[in-house]
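Data block below; observations after.
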Amino acid sequence: MAIRFNQDLLRGRAGPLVGLVAFPLSLLACSSTPASPPEDPSQIGVPAAEPSGDAPPTTSESPSATSDIAASAKQLKCEQRDDRWGCVDSEGKIVIPFEFISGSPFSSAGISVVLHPDKGFYYIDATGQFLYAAAPFDNAPDPVVAGRARFKQDGKVGYLNEDFTIAIPARYDSAMQFQDGSARVCVGCDPRVWNKDAPENLATGRVFYIDKQGNEVPSP
């Protein structure tokens, strides 16, 4: 039986992963900050298992390249075959290999979050290229909260837009979800011992707050 994503969990409202259902992309975005269960910051910033020998590719594509990928995504037919998710083009040619446990609908930018049996949750584009790892949240990819979702790249944490494109590059050792327009982040800290309730003078590294553009702001 194929594993699907939990709607409430992706909205940031559910506890541990229980009922598993498919979700529409629109449910990934939250118009306001939901009441989220306590997160485990010790897992946000701990490097995910990267594909062996596959360094995360750069995502500095030109607008035309991004537009082409988004257009290509609209031509794909994604489905489950033998309990694996993948996509074919209009001629039936396999574009996204049927090797994923599950996958989300492609965003307007042509990006999907998938669950790979070995690599975990990852973002891929409409060509099947692996882009960056999703930050974990209660056995699922970090949900979009206040227009931002966390991702991981090269052992650092950053933030994505609602369409899964990069909003703030991965440059923090650990990072919290946005709340009331700001997020608490840490540079130089050990994410295994740093947590959201740790006083700044007890946390390793430098702890500060950022706005949704990545600018440092005063503590709320």
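The values are calculated or read from the model by the stated rules, or taken from the named source; none is laboratory data. Since the model is a prediction, treat every value here as computed from it, not as a measurement. Cβ coordinates were reconstructed from backbone atoms using ideal geometry, including for glycine residues, and neighbour counts include every protein chain displayed.
Looking only at residues in region 199-220 that are aliphatic (A, V, I, L, M) and at pLDDT 65 or above, which one is farthest from D173 (Cα to Cα)?
Filtering region 199-220 for residues aliphatic (A, V, I, L, M) gives 202-203, 207, 210, 217.
Filter again for at pLDDT 65 or above, leaving 207, 210, 217.
Numbers: V207: 10, I210: 14, V217: 18 Å.
Among those that are aliphatic (A, V, I, L, M) and at pLDDT 65 or above, it is V217.
How about region 159-192: which of its residues are in a loop (DSSP other than H, G, I, E, B) and among the basic types (K, R)?
R192
Given the options S90, S107, name the one that is assigned to a loop (DSSP other than H, G, I, E, B), in contact (Cβ under 8 Å) with a residue 12 or more places away in the chain, surrounded by fewer than 21 Cβ atoms within 10 Å (Cβ to Cβ) and at negative phi.
S90
Which one of these does S62 not meet: (1) within 27 Å of Q213 (Cβ to Cβ); (2) at pLDDT below 95; (3) within 20 Å of the chain's Cα centre (by Cα)?
(3)
Spot the failing condition for K196; the list is (1) modelled with pLDDT under 95; (2) crowded, with 22+ Cβ neighbours inside 10 Å, and only one is missed.
(2)
Which numbered condition in (1) touching an Asp or Glu at 6+ places or on another chain (Cβ under 7 Å); (2) within 20 Å of P141 (Cα to Cα) is the only one that E99 fails?
Evaluating E99 over (1) touching an Asp or Glu at 6+ places or on another chain (Cβ under 7 Å); (2) within 20 Å of P141 (Cα to Cα) leaves (1) as the failure.
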